[in-house]
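Reading through the structure tokens given below for one structure.
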Amino acid sequence: MKYDRPARTAGLRHVALRVHAFDDCLRFYTDLMGMEVEWRPDEESVFLTSGNDNLALHKSSEPSAAERQRLDHLGFIIDRLGDVDRWHEYLRESGVPILKAPKTHRDGARSFFCEDPDGTMIQIIFHPPLSLG
């Protein structure tokens, strides 16, 4: 039996990460990235939000992310083009490892890459189709 595909999804708004540096990652995403704790069901899990998304952090004792991670990176959308460079300076001055400096892409997007305390690559990006302006 063949089924027709349902209506398209509302988008990718939930990501769950297993992290070793749980407390450091929690501080990174709340203190530096400005996310808020939405729910903390126990001492080994926390659900964070920016208002329209959900990032779950789960404490892990499995091999480090660098040894097994298949996720390439997480992207945080920035609403204004000029804020990409402001975020770059802010995170650099906060001691966050910067992996790639800000760059304007051929499609008009502008982004840079940094790393969270557990080694997950983070992209800060102004992307015209998704950003407000």
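The values are calculated or read from the model by the stated rules, or taken from the named source; none is laboratory data. None of these values were measured; they are calculated from a predicted model. Positions of Cβ are backbone-derived with ideal geometry, glycine not excepted, and every protein chain shown enters the neighbour counts. Each accessible area value is taken on the protein alone, full model and side chains, heavy atoms only, with ligands, DNA and RNA left out. Shrake-Rupley method; radii C 1.70, N 1.55, O 1.52, S 1.80 Å.
Details
- Among the residues making up the range 99-127, a single one is open to solvent by 50 Å² or more (accessible area, probe 1.4 Å), farther than 14 Å from Phe28 by Cβ and touching a helix residue (DSSP H, G or I) at 6+ places or on another chain (Cβ under 8 Å): Ala101.
- Pairs where the first residue, in the range 110-123, is touching a residue at least 40 places away in the same chain (Cβ under 8 Å) and part of a loop (DSSP other than H, G, I, E, B) and the second is surrounded by fewer than 19 Cβ atoms within 10 Å (Cβ to Cβ) and polar (S, T, N, Q), C-beta under 9 Å, 6+ apart: Asp118/Ser60; Asp118/Ser64; Gly119/Ser64; Gly119/Gln69; Thr120/Gln69
- Taking the listed residues Asp85, Asp79, the one that is part of a loop (DSSP other than H, G, I, E, B) and open to solvent by 20 Å² or more (accessible area, probe 1.4 Å) is Asp79, with no other qualifying.
- Test: residue in the range 21-40 that is in contact with a Lys or Arg (Cβ under 8 Å, 6 or more places away or on another chain) and either open to solvent by 60 Å² or more (accessible area, probe 1.4 Å) or part of a strand (DSSP E or B) (or both): no
- Reported count of residues in the range 1-20, each being in a strand (DSSP E or B) and open to solvent by 100 Å² or more (accessible area, probe 1.4 Å), is 1.
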